[in-house]
Amino acid sequence: METLVVDHPLVAHKLTVLRDVGTDSPTFRRLADELVTLLAYEATRHVRVTEWSVQTPVALAKGVRLAQPCPLVVPILRAGLGMLEGMTRLLPTAEVGFLGMIRNESTLQAETYATRLPDDLSGRQVYVVDPMLATGGTLTAAIQFLFDRGADDVTALCLLAAPEGIAYMDQAFNGSGKPIRLVTAALDERLNEHGYIVPGLGDAGDRLYGVV
């Protein structure tokens, strides 16, 4: 798995405010949205394009446009919804699918409770958005789900990642032969005994939408 930690002062600034326990939900949502757009710029460096020419007021200009089939953005519910608008702002023609997964707090394993995706993802580039890569179980299960439906290129966008989660994914997809990329704003120190990222930013879903 190719991992990119985006090194940019605006990314670091916005992430610092997100981490602050005093940041309220409206501010958290706005900053997460802005941060995702910055991450998406880096994550889409490998987006597929085809040559395309347009007529300018002066002459014919050669350029490119996004290739077909168009990219698919998949937020992992519920926290991934807070990253969706920031992603589609940069890729407005992308299609959107939804994958509902939750981590069992006893086993720390991911469980699927809802899906809204095309049955056949053959030839699709997919961008999975989920705020936290902690143990790696949820993101690994999500990516495997997409591969099982035919996706052949997956990029994951996370606000934060833990070394344990990256190691888990490296092991899970070792030898898969399929391109997998991770783009994140920061690689934190470790997981605590409850499987939460340290120093992290707390429960991203709760901070986005409140405790439910």
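Listing for the model above:
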quantity	calculated
Positive dipole terminus of the chain, leading residue within Leu35, Met132, Thr50 (C-beta point charges)	Thr50
Pair Ser25, Val198: separation of 7 Å Cα→Cβ label points (nm)	2.9 nm
Top of Pro69, Pro118, Pro92 by mean-square fluctuation, Gaussian network on the chain, Cα under 10 Å	Pro92
Dipole of the chain, positive direction: furthest Cα of Leu117, Leu15, Ala61, with charges on the beta-carbon	Ala61
Extension gain, Cys70 back to Glu189 (0.36 nm per residue minus Cα-Cα distance, nm)	39.2 nm
Segment Val17-Glu111, length gained on full extension (0.36 nm per residue, minus Cα span)	30.8 nm
Span from the region 12-74 Cα centroid across to the region 153-167 one, whole angstrom	18 Å
Tilt relative to the chain, helix 81-90 - C-alpha long axis, 0 to 90 degrees, to 10	20 degrees
Which of Arg116, Arg78 is most accessible, then next, and so on - probe 1.4 Å	Arg116, Arg78
In degrees, nearest ten, helix 25-43 long axis to first principal axis of the chain (Cα)	50 degrees
Fluctuation leader among Ala61, Ala142, Ala40 - the chain, Gaussian network, Cα springs under 10 angstrom	Ala61
Net lengthening on full extension, Thr56/Leu4 (0.36 nm per residue, minus Cα-Cα)	15.1 nm
Accessible area (Å², per residue) of the chain, counting only protein heavy atoms and a probe of 1.4 Å	50 Å²
Which of Leu201, Cys158, Met169, positive extreme of dipole for the chain (C-beta unit charges)	Cys158
Charged-residue dipole, Cβ positions (Lys, Arg, Asp, Glu), region 1-69 about Cα centre, Debye nearest 20	240 debye
Residues Ser122 and Val49, FRET efficiency given R0 of 25 Å [Cβ-Cβ distance, rounded to 0.05]	0.85
Share of carbon and sulfur in the accessible heavy-atom surface of the chain [1.4 Å probe, %]	54 percent
Stretch in the chain that is longest and holds no GluC sites (Glu not before Pro) that DSSP places in a loop and that have at most 13 other beta carbons within 10 Å	1-104
Degrees separating the helix 137-148 axis from the principal Cα axis of the chain, which is the longest one	30 degrees
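The values are calculated or read from the model by the stated rules, or taken from the named source; none is laboratory data. Worth saying up front: this structure is predicted, and the values here are computed from it rather than measured. Cβ sites come from the backbone with ideal geometry, for glycine too, and all protein chains shown count toward neighbours. These accessible areas exclude ligands, DNA and RNA; they are computed on the full protein's heavy atoms, side chains included. Shrake-Rupley method; radii C 1.70, N 1.55, O 1.52, S 1.80 Å.
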